[in-house]
Amino acid sequence: MKYLISVMMLLLVACLGYLPEQSDFYLIFFLYAPLFGLYLITYRLYTSHHDVLYFIFVALALRCILIFAFPNLSDDIYRFLWDGHLINEGINPYLYTPTEWMNELGDGESIYHLLYPHLNSPDYYTIYPPVCQGIFALCAKLDFDNIYWSSVFMKTIFLVAETTTIYFLLKLVQLLHIPQHRVLLYALNPLIIIEFAGNLHFEALMIMFLTMAFWFYIRQRSKMFSLSMAMSIGTKLLPLMFLPFFLRRFRRNKLLLGFLLLLTTLTLLFLPFLSYDFIIHLGTSINLYFQKFEFNASIYYLIRWIGFRIRGYNIIQTAGPVLSILTFIIIIYLAAMEKPKKMQHVFRVLLLSFSTYLFLSTTIHPWYLGIPILLSVLTHYRYPIFWSAVVIGTYINYSYEPYHENLWVVLIEYGVVYFVLFLEVFRINILRWTFNKVLSLYRYLITSK
C-alpha cells in the first residue's frame, strides 16, 4: 500500500508543479486536498524506522520532480533575478526601485526590460537580505539571460537546502528522544513541498540554517550555533526574534563570544551593501510592510473592521506599527519569564512566540508557516499542520478579476486554526482523532468498492 501512496503523491505533486497557474484555484485545491489526505494517512500508518526512511526518500523524490517546473504559482522569481543582475553589474540592489532603474535605462531590450513587466512590486525597494542576494547573483550569472534555467539552478540549491534540513531534523529527533516518524510532518508536508521546492520561497534556506543552529545549540557548539543563526538571519530577518531565548541560555563565559561572532558574521554579510541610503531604503521597505501590505491576517482584520466602524477608514498606518510593537513586547516578556528547562520546552516557547507574530501580523502568506511546521516536529502542537491544510484556500484570491480578498476563506481558515489551538492547549489530541476519521473514511471507500 505504501508504494501506491508514494506513486499517487508523486503524480499529484507533479500535477501541482507543472499544470496550474496562480489563478487556477480549483485545480490547485482539487490536487492539494487528496495530497494532504495521503500525507495524513502516511504519517499515521508508517511509523517504523524502515518506513520512515522510505518516505523520506519519497519526500526528496517529490522535490526532485519539481526542479524542472517553472514556479507558476509565484512571481517572486522575477524580482530575485532583477536583484541578481544588478549585483552582477556592480550595482547595489537596495539603492534603486525597479521603476527608478527603468527610468535610468530608458527604452531598450535588456534583461531588465524582460523582467520588469512581471514584477509585483516595482515601486518598492528590495527587502531580501544578503544571503538571498548572493544566490540571486549566482543564478543570474549562470542563466545566460534565460529565466527558466535560472529557476532550475535555484531549485537545485533549494533541493540541497531541504535535504540538509531533513538530515538535521533526523539528528534532532534522535537526540531529543522524539519519535522518528515526526520528521515526516515536515518532510512530506504538501505546503512545504509546493511553496519551497515548487515556488522558490527562501524560507527554505532560512529554515535549513535555523535547524542547523538548533542542532549545534543542543550539542553546545556555541561558535557553530552563532554562525548558523547569523546565516539564518542573513537569509530572512525573522529568526532575530529567537535570539533572546538562546542567548540567555549561554554560559556566561560563552555569551559574549557567541554574540560577538554572530554580530561579526551579520556585519560581514551586510558589509558589501552598507551605505546611508541602504539603511534608509531597507527601513522604508520594512515600514511599508507594517503600514501598507495586508493579506490573510486574523486579529488585524478584526481591528481593521472596528476601525472602519469608528473612524470610517482603514487604520493600517496606526494599527500595523502598534501590533508590531505589541509583538515585540510579548516576545521579550516570554523570553524574560521563560525558565531554562529541557530543550522541548524551548521549542514550545519558540512556537508560541512565532505564532504570536503571525497572529498579530497584517500579512500572512502560506509560506510563512514554514517555521511553525518545523517546530511542530519538535513539540506536541499540531495546529500548524491544520493551518497548512486550510491556508491553501487563500489562492482563491488570485482567481478573481479584479483581484480582491475573500474574507469568508480567511474566517474559515482562522476558525480552524484557533479551534485546534484551543483544543491543544487543553491537551485534546485533535490530530489523532482526525487521522482516525480520515483513515476510517479511506477504509470505507476501499471496502465499498
Report summary line: Log entry, pairs with first residue in region 313-324 being on the phi < 0 side of the Ramachandran plot and exposed (fewer than 15 other Cβ atoms within 10 Å of the Cβ), second being among the charged types (D, E, K, R) and in a helix (DSSP H, G or I), beta carbons closer than 9 Å, six or more apart or on different chains, reads N314/R304
Report summary line: Counting only residues that are surrounded by 20 or more Cβ atoms within 10 Å (Cβ to Cβ) and aliphatic (A, V, I, L, M), region 138-149 contains a total of 1
**Report entry** Long-range neighbours under 7 Å by Cβ, at least six apart or interchain, first residue within 15 Å of L210 (Cβ to Cβ) within region 160-183, second of a type outside the set (S, T, N, Q) and outside any helix (DSSP H, G or I)
**Finding:** L172/L378
Requested in this report: Looking at (1) crowded, with 20+ Cβ neighbours inside 10 Å; (2) modelled with pLDDT of 90 or more, find the lone condition where V346 falls short.
Outcome: (2)
Query raised in the report: So, of the residues in region 405-449 that are in a loop (DSSP other than H, G, I, E, B) and closer than 24 Å to L31 by Cβ, which turns out to be modelled with the lowest pLDDT?
Result: K449
Report summary line: Residue count, region 142-159, condition touching a residue at least 12 places away in the same chain (Cβ under 8 Å) and out of contact with any Phe, Trp or Tyr (no Cβ under 9 Å at 6 or more places or on another chain), comes to 5
Query raised in the report: Where residues in region 167-193 are buried (at least 17 other Cβ atoms within 10 Å of the Cβ) and in a loop (DSSP other than H, G, I, E, B), which of them is nearest to the chain's Cα centre (by Cα)?
Result: N189
**Report entry** Which listed residue, of I316, I303, is at pLDDT below 90 and either within 20 Å of H404 (Cβ to Cβ) or of a type in the set (A, V, I, L, M) (or both)
**Finding:** I316
Report task. Scan A335, A297 and give me the residue that is in contact (Cβ under 8 Å) with a residue 12 or more places away in the chain, within 25 Å of the chain's Cα centre (by Cα), closer than 26 Å to S353 by Cβ and assigned to a helix (DSSP H, G or I). Result -> A335
Query - Enumeration of residues in region 6-35 that are loosely packed, with under 13 Cβ neighbours inside 10 Å and among the charged types (D, E, K, R) - result: E21
Requested in this report: Return yes when Y3 is exposed (fewer than 15 other Cβ atoms within 10 Å of the Cβ), farther than 21 Å from N397 by Cα and more than 22 Å from the chain's Cα centre (by Cα) and no when it is not.
Outcome: yes
Requested in this report: Just need a number here: residues in region 339-372 that are in contact with a Pro (Cβ under 9 Å, 6 or more places away or on another chain) and either basic (K, R) or farther than 15 Å from L238 by Cα (or both).
Outcome: 1
Report task. Mind listing whichever residues of region 34-48 are in a helix (DSSP H, G or I) and touching a residue at least 40 places away in the same chain (Cβ under 8 Å)? Result -> L35, F36, G37, Y39, L40, I41, T42, Y43, R44, L45
Report task. Could you pull out the residue among F80, F68 that is closer than 24 Å to I193 by Cα, touching a residue at least 24 places away in the same chain (Cβ under 8 Å), exposed (fewer than 15 other Cβ atoms within 10 Å of the Cβ) and of a type in the set (F, W, Y)? Result -> F68
Query raised in the report: How many residues are crowded, with 18+ Cβ neighbours inside 10 Å and free of Cβ contacts under 8 Å to residues at least 40 places away in the same chain if we restrict to region 115-137?
Result: 2
Requested in this report: For region 150-158, indicate whether the set of residues that are surrounded by fewer than 14 Cβ atoms within 10 Å (Cβ to Cβ), over 25 Å from Y289 (Cα atoms) and modelled with pLDDT under 95 is non-empty.
Outcome: no
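The values are calculated or read from the model by the stated rules, or taken from the named source; none is laboratory data. Everything quoted here is computed from the prediction, not taken from an experiment. Glycine also receives a Cβ, built like all others from the backbone with ideal geometry; neighbour counts cover every protein chain displayed.
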